[in-house]
1. With label points built 7 Å along Cα→Cβ from the Cα atoms of residue 191 and residue 174, find their separation and express it in nm.
2. With an 8 Å cut-off on Cα pairs and a minimum separation of 6 or more residues, tell me the relative contact order of the stretch 105-188 in percent.
3. Once the Cα atoms of the stretch 16-158 are picked out, what are the Rg and Dmax in Å?
4. Which trypsin sites (Lys or Arg not before Pro) in the stretch 1-84 pass both tests, a DSSP loop state and at most 12 other beta-carbon atoms within 10 Å?
5. Averaging over all projection directions, find the projected area of the Cα convex hull of the stretch 1-54 and quote it in nm² with one decimal place.
6. Modelled label-to-label distance, residue 80 and residue 131, 7 Å Cα→beta-carbon offset: nm?
7. Whole number please: convex hull volume per residue of the Cα set in the stretch 8-86, in Å³?
8. Normalised by the number of residues in the stretch 99-143, what is the relative contact order in percent for Cα pairs under 8 Å and 6+ residues apart?
Amino acid sequence: MFTGLIEMTGTIDRLTPKGPGVELVIRCSHHLVAELSLGDSVAVDGACLTVTRYGGERFTVDASAETMALTTLGQRRIGDLVHLERALRLGDRLGGHWVTGHIDGMGTFRSKAPLGEAVQLWFNAPSQIAKYLVKKGSIAIDGASLTVNELDAQGFSIVLIPHTQSILRLNHKKTGDSVNLESDILGKYVEKLLGSQLLGSQLLGSQLLGSQLLGSQLPHSQVGHADALAQSSSYNETQNHTKHHSTSNLDLSTLAKAGFLK
């Protein structure tokens, strides 16, 4: 689990085919590498990868064929910069939002426009991601937790203040460049819960409708017979209920006379 607060950028130092996937060697500050351990999770441009080796100013991760195909890592070359964030530790501040490191898909950079010292960036997003976006909600772009500023039919915009511009490399994107997108996981849970409730309501409605249709198709004589059976059943239940109470009263009276009840 990550927060989407990028710690630093690293540089892809080496790309080596490894089975159907790729082994990536990333160069970055030795301060970050010194705090790594074998098996640690590191988000590389938002994709959660596992550290297999580390030392000095470099660490190594493996990316599967699926990861290379479904994220921008498949487009990266030696010398490219990538966002880096280590996994969240218990007790750390959650300054961004819950980021899993499981990329939902890729979007594309559309345009940018200055807003004073800030800059507004527009991105196109596929429909399976755009449906989870809400104005002032959260979105992870290349692993960075950012606030959705505006929405339109093609995607969304964000605003980067000068400090964020100096940390992230999004401001250097060109029109058409791909980015990794991960929508807020809370929206997915809400969708699943509401979907389950809606399905339950639809099933109940179908059962009730089926019962009504069955009743309407019965001959009048059968309907009358069914009503008579229902009334008879109700009468029997009433008689049984009365009999039960009478028996209970009799038993109590008998016990009292025998001296068992005071």
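Read-outs: derived from the displayed coordinates by stated rules, not from any lab. Note that the structure is predicted; figures quoted are calculated from it, not measured. As a convention, Cβ positions derive from the backbone with ideal geometry for all residues, glycine included, and neighbour counts pool all protein chains shown.
1. 3.3
2. Contact order relative to length: 39 percent.
3. Over the stretch 16-158's Cα set, Rg and Dmax evaluate to 16.5, 49 Å.
4. Numbers: sites: 14, 18, 27, 53, 58, 76, 77; in loops: 76, 77.
In loop regions of the stretch 1-84 (DSSP not H, G, I, E or B), the sparsely surrounded trypsin sites (Lys or Arg not before Pro) are 77.
5. 4.0
6. Distance between the two pseudo-spin positions: 2.9 nm.
7. Per-residue hull volume (Cα only) is 75 Å³.
8. 35
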